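FYI, it's all coordinate maths here, none of it is from the lab. Every value quoted in this text rests on a predicted model; they were computed, and no experiment measured them. Neighbour counts are summed over all protein chains in view; Cβ atoms, including those assigned to glycine, are modelled from backbone coordinates with ideal geometry.
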Amino acid sequence: MKRQNFRKLILIIALLLFPLTIYYISPELIILGAMDGIINGSFIVFLVMLIGSIFFGRLFCGYLCPAAGLQECAVLVNDKSPKQGWKNYIKYVIWLVWITIIIVCFIFRKQKLTVNFFFMTTNGISIANISDYFIYYSVILLIFIPCIFGKRIFCHYFCYMAPFMVLGSKIGNLLHIKRLRLSADKNACINCHMCDKSCPMSLDVAEKVQMGKMDDNECILCGACIDNCPKKVITYKVK
């Protein structure tokens, strides 16, 4: 359980630092930059997410995402597990529309391509003025309000960052690149379902153990199922 306490601590620190970092994962700023032909911080961060996920899957979601930190806190309001199904694909529709807008903006940009990692920040700080806090708290509400209706609803249905990492994972699989995954010994499983109860993404982990197929697009590799399994059936492996 020490790992889970450490993971949650890191997520809460990421949340506390969100006023500094919000523009580096902003879906809006990447569009504004694209209109002026500027490859900005969010563009570079999303590219790093894509490349990193080839080797680490959605580890960012489990350990570093400030939105995940907020949702860990929101579990205190409602820890009901969301339904898996077609709603999970909403985020891919949002992502495709967003990516299409970015591409169009770059094609019809006003200027030559340039790189400015700190685009629209103040000395590298995202929220540096009082007026900027209106933007900040609007984003906080957009993430928090869905979580009133269930655990990590924003992650499941609306996150525009997750598709980058899902895509990276699939590229890694296609190229047969070794990456961090979950692995399980189904013969040691006693079907206590502690893994299901502990999964922050509300996945049916026990079923995956029995099927011998642990990969899932919604898995954030947080390791909660590993740490809560009494028989240590599940482990991390690079394979």
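The residues packed around GLU72, meaning those with a beta-carbon under 12 Å from its beta-carbon, carry a net charge of +3 if Lys and Arg are +1 and Asp and Glu are -1. Note on the chain: dipole from Cβ charges, positive end direction compared against PHE56, ASN187, LEU9; the farthest Cα belongs to ASN187. When you filter the trypsin sites (Lys or Arg not before Pro) in segment 28-135 for DSSP loop state and at most 14 other Cβ atoms inside 10 Å of their Cβ, you are left with LYS80, LYS83, LYS110, LYS112. Expressed in units of 2.2 N^0.38 Å, where N is the residue count, the Cα radius of gyration of segment 178-239 is 0.97. Can you give the local net charge around ASP227? Use residues other than it whose beta-carbon is closer than 11 angstrom to its beta-carbon, Lys and Arg +1, Asp and Glu -1. Counting the neighbours of ASP227, the net charge comes to +4. Projected over all directions and averaged, the alpha-carbon convex hull of the chain occupies 13.8 nm².
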